[in-house]
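Before any comments, here is the structure.
Nothing in this text is a laboratory measurement; each read-out follows from the coordinates by a stated rule. What you see is a predicted model, and the numbers here were worked out from it, not measured in a lab. FYI the Cβ positions are ideal-geometry reconstructions off the backbone, even for glycines, and counts take in every protein chain you see.
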Amino acid sequence: MNLRSREKLLDIGEVCENSGLPASALRFYEEKGLIVSVARRGLRRQFHPSVLQRLALIALGRSAGFTLAEIAGMFTPDGRLSIDRALLAAKADELDRTIRQLTAMRDGLRHAAVCKAPSHMECPKFRRLLRAAAAGAPRRRTHE
């Protein structure tokens, strides 16, 4: 018997408690192939304790803005972590752009809150903020 088979399995409730995720999220992640239950006790899924580390990696990836498909691609078929460093660098660049945009938006809003112009529409800085917001706004598709 190897070490892994002697480790205590975690019931889905224990995984929920330790990860802070609801059971529905665990079932969804399992459906998507991100995690795997290794047994059942009655109707309750059982997981290897390493699932907690995998869930932490998934949470980190989601926080960084990766899609679930991108996160799934960070694991080899046998479950080992294999992250493409170029993908990490590209995501970091994307985060830098988002930070710059949000910083400009924050600064513009702070200015608008204390601007002495009679109307916000008379304030050049506020008008620049509006133009930037309009340029970055997602375009709506019309249904035909």
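When each of the peptides 11-18, 79-86 is scored by how many other beta carbons lie within 10 Å of its residues on average, the order from highest to lowest is 11-18, 79-86. For the chain, the longest principal axis of the alpha carbon atoms and the long axis of helix 124-136 meet at an angle near 40°. Under the criterion of Cα pairs below 8 Å and six or more residues apart, the relative contact order for the chain equals 14 percent.
Highest mean first, the peptides 44-52, 22-30 sorted by other C-beta atoms within 10 Å per residue fall in the order 44-52, 22-30.
Which option, (i) 35, 20, 13; (ii) 46, 17, 15; (iii) 21, 19, 15, is the value of semi-axes √(5λ) of the Cα gyration tensor in Å that was calculated from these coordinates? This structure yields the entry labelled (ii). Distances between placed amide hydrogens fall under 5 Å for residue 45 paired with 12, all partners being 5 or more residues away or on another chain. Available extension along the chain between residue 11 and residue 122 is 33.8 nm, counting 0.36 nm per residue and deducting the alpha carbon span. Annotation: lysines with alpha-carbon distance below 21 angstrom to residue 116 (same-chain offsets under eight excluded): 125. Roughly what angle does helix 51-63 make with the longest principal axis of the chain, taking Cα atoms, 0 to 90 degrees, to the nearest 10? For helix 51-63, the angle is close to 10 degrees. Relative protection proxy for 102-109, 65-72, from highest mean packing down: 65-72, 102-109 (other beta-carbon atoms within 10 angstrom). Against the chain, whose longest principal axis comes from its Cα atoms, helix 85-114 is set at around 40 degrees.
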